[in-house]
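Only the coordinates and a few stated rules stand behind these numbers; no lab work does. All values derive from a computational prediction rather than experimental measurement. No Cβ is skipped: glycine too gets one built from the backbone with ideal geometry, and neighbour counts run over all protein chains shown.
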Amino acid sequence: MTPLIQMQPRLEMKRATRPHIAFLVLASFLVASCDGLSRFKHLSFTCMENRLGIKTIELYVRSIDKRVVVSDKNGTREINPISLSDDMLEAGDQELKILINLETAKVQAMTNDLFYTLSCGKQEFEM
């Protein structure tokens, strides 16, 4: 009779923790599947040959900051992100202003008071 009494509390303990584990697994799955909870996002726009010489525009979004890096015929440089929404990015410095429709990958750039529309392909990575 003693072995039965010792095993009974162990069975009750397993029954009590199984619903908790199932709830935690379900909750973590729901949180992980949310679109708005990404820690890192990288958008890269690879542009065809253009008058500005812009080759790529890269957007790095982390929970603490945002960076826009432009690669052109002269090298790479970082420009300031001015505004970022779900569908538009505006960035620029004193020499170059860029407006990107994030859904259609339409890129507009302005330099020396001249507007250019660039043909670019989009790649996206999110974690």
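Students often check this: by mean Cβ neighbours within 10 Å, which of 97-105, 117-125, 80-88 ranks highest, and how do the rest follow?
Working: 97-105: 16.7, 117-125: 13.4, 80-88: 11.8.
Going by the mean number of other Cβ atoms within 10 Å, highest first, we get 97-105, 117-125, 80-88.
Test of understanding: what is the full-extension gain from K66 to L114, defined as 0.36 nm times their sequence separation minus their Cα-Cα distance?
Values: separation 48, 0.36 × 48 = 17.28 nm, distance 2.63 nm.
That works out to 14.6 nm of additional length.
Which aspartates and glutamates have a Cα lying under 20 Å from the Cα of K122, excluding residues fewer than 8 positions away in the same chain?
Of all the aspartates and glutamates, those that pass the test against K122 - Cα under 20 Å, at least 8 places apart if same chain - are D35, E49, E58, D72, E78, D86, D87, E90, E103.
Show log10 I(q)/I(0) for the stretch 84-127 at q = 0.19, 0.22, 0.32 Å⁻¹, two decimals, from a solvent-free Debye sum over equal Cα scatterers.
-0.61, -0.77, -1.17
Give me the one-decimal nm value for the distance between modelled label points at K73 and R51, 7 Å along each residue's Cα-to-Cβ direction.
1.3 nm
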